[in-house]
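> There's a structure below that I have some questions on.
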Amino acid sequence: MELFLVRHGQSVGNTQPDRDMPDSPLTEQGHAQAARVAIYLRERGIRAIYASPLIRAMQSAQPLARLLGLPIHVMKALYEVREGSRFIGLSQQSLLESVPEAIFEDTMETDGWECLGGDRPETVGRRAQEALRQLRACREERIAVFCHGNFNEYLLRETLGIPSAAHIRFPQENTGVNHIVFGEEETELLKLNDTGHLRIGEYERAGLAAGSFRSG
């Protein structure tokens, strides 16, 4: 199985790092980045798309879902690391108004999913293990997963068999792409935080059409 693990585009929270904004949407720049990464990924043979329940990840997955005509499978386990307090995410109805391509897990709360907060490395590591187990159980050969900077690092460490230690880092830029191939006997990391699609050139020209991918 091949996994394209993508950090979300720039969010409002990214532009205001001093504020606690656990579920902020994409900025205009973030939407443009999402359009560009969608164009980059559309010829990769992707057959399934997954996203965190946080709106910025779902919005980042939306352009690719529209290009490929695929739904976005929302997986609660993919939410971003949160050391702060508990919060309640958006209801499924609210999420569907912004991202109608979304499909939710049967176990996900309808009126607003719960993030308990108070994350610790050991608990996040276990969540990353479970998320990878679910993703690898997917029967499709190539999948795209839209997630978050900190949680992506945990997923990468678990994929590579590296203990989830704070001193081992894999920094993730907005819409940075990590390409992982899971073989029968080995795992290959082919790309790490690839942002080539954001350079001026064909993706810049394609990015000008980002509005055509925007949600209502």
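The values are calculated or read from the model by the stated rules, or taken from the named source; none is laboratory data. Computed from a predicted structure; not experimentally measured. All Cβ positions, even for glycine, are placed from backbone atoms using ideal geometry, and neighbour counts span all protein chains on display. Surface accessibility is based on the protein's heavy atoms, side chains included, excluding ligands, DNA and RNA. Shrake-Rupley method; radii C 1.70, N 1.55, O 1.52, S 1.80 Å.
> Let me know the volume per residue of the alpha-carbon convex hull for the chain, in Å³.
119 Å³
> Hey, another quick one. Along the Cα→Cβ direction, 7 angstrom out, place labels at LEU160 and ARG47. What is the inter-label distance in nm?
Each label point lies 7 Å from its Cα, and together they span 2.9 nm.
> Between GLN29 and ASP111, what is 0.36 nm times their sequence separation minus the Cα-Cα distance? Round to one decimal in nm.
Value of the extension gain: 26.5 nm.
> Amide H to amide H, which residues 5 or more places from GLY176 or on other chains are under 5 Å from it, using H placed in the peptide plane?
HN-HN under 5 Å from GLY176: ARG7.
> Same structure again: With unit charges on the beta carbons (Lys and Arg positive, Asp and Glu negative) and the dipole taken about the Cα centre of segment 1-80, which residue among ALA65, PRO53, PRO17 sits farthest to the positive side?
Result: ALA65, furthest along the dipole toward the positive end.
> Turning to a different aspect of this structure: Considering the zone a paramagnetic label at ASP20 would reach in this model (a point 7 Å from Cα along the Cα-to-Cβ line), which residues of segment 67-84 have amide N under 20 Å from it?
79-84
> How far apart, in nm, are the 7 Å Cα→Cβ label points at GLU141 and LEU190?
Roughly 1.1 nm, to one decimal.
> Rolling a 1.4 Å sphere over the protein heavy atoms, what is the accessible area per residue of the chain, to the nearest Å²?
The answer is 48 Å² per residue.
> Same structure, new question: For ARG126 paired with SER91, estimate the spin-label separation in nm (one decimal), with each label point 7 Å from Cα along the Cα-to-Cβ line.
3.2 nm
> Assign unit charges at the C-beta atoms only (+1 for Lys and Arg, -1 for Asp and Glu), then state the dipole size of the chain relative to its Cα centre in Debye, rounded to the nearest 20.
360 debye
> Direction-averaged shadow area of the convex hull around the Cα atoms of segment 1-100, nm²?
Across all orientations, segment 1-100 yields a mean hull projection of 6.7 nm².
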